[in-house]
Amino acid sequence: MDRAKEAIANSFLNKEENYEDVFKYIDIRWECQLHQPLHAAGHYLNPEIYYSNPSIEDCSEVMKGLLECISRMVPDLATQDKILVELDLYKNSQDLFGTPMAIRQRKTLAPGKNIFFHISLIVVLFLVLSTYF
C-alpha cells in the first residue's frame with residue numbers, strides 16, 4: 001500500500017493538496033484490513049518484507065497475528081509445534097530458504113509467484129493435514 005501511495009503522490013508531483021483527500025479514503029479503508037491476524041501473518045510470510053526488515057519479530061502485532069492465525073487454523077498443539085519449527089527454518093534462512101535461488105527471489109518475485117513462498121505454505125499445509133489422516 002505504501003508503494004501505491006508513493007506512485008499516486010509522484011503522479012501528482014508530490015503536491016499533497018492534490019491527493020490528500022484520496023489518501024484519507026485509502027487510510028480509512030486500509031486501517032480495517034491492516035490490523036487483522038491474517039494480514040499480519042501474510043506480512044511475516046512475505047519473504048521480501050520479512051528478510052528486508054529484521055526487526056519484524058519485534059513487532060508484537062505481527063507476531064501476535066501470526067500466532068493467532070496458526071492457532072485458529074491448527075487446533076492440534078503438536079502440529080502447532082511442528083509449524084513453529086518450520087518457521088524457525090524460514091526465520092534463519094535454513095534449508096530451502098537459504099539456497100541462493102531462494103535468496104535471489106526474495107525481492108524479484110511476488111509472493112504468489114515465489115516458489116519458496118509456495119513451499120513454505122505447502123509445508124504448513126502438509127503438517128496440518130498430516131494430523132488428520
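Tabulated results
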read-out	value
Hits among lysines - C-alpha to C-alpha of Lys82 under 29 Å, sequence gap 8 or more where chains match	Lys64, Lys91, Lys107, Lys113
Paramagnetic reach from Lys107 in the stretch 5-34 [backbone N under 17 Å; point 7 Å along Cα→Cβ]	none
Relative contact order (percent, whole number), the stretch 15-87, Cα cutoff 8 Å, 6+ residue spacing	27 percent
Estimated FRET transfer efficiency (Asn10, Trp30; beta-carbon r; R0 22 Å; 0.05)	0.70
Set of aspartates and glutamates with alpha-carbon distance to Lys15 below 19 Å, sequence-local pairs under 8 removed	Asp2, Glu6, Asp27
Three-way shape call for the stretch 9-90 based on the alpha-carbon gyration tensor, with the a/c threshold at 1.5	prolate
Global form of the stretch 1-52, assessed from the alpha-carbon gyration tensor, a/c cut-off 1.5	oblate
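Read-outs throughout are calculated quantities, based only on the coordinates presented, and are distinct from any laboratory measurement. Source: prediction; values computed, not measured. Because the Cβ atoms are built from the backbone with ideal geometry, glycine has one as well, and the counts that use them run over all protein chains shown.
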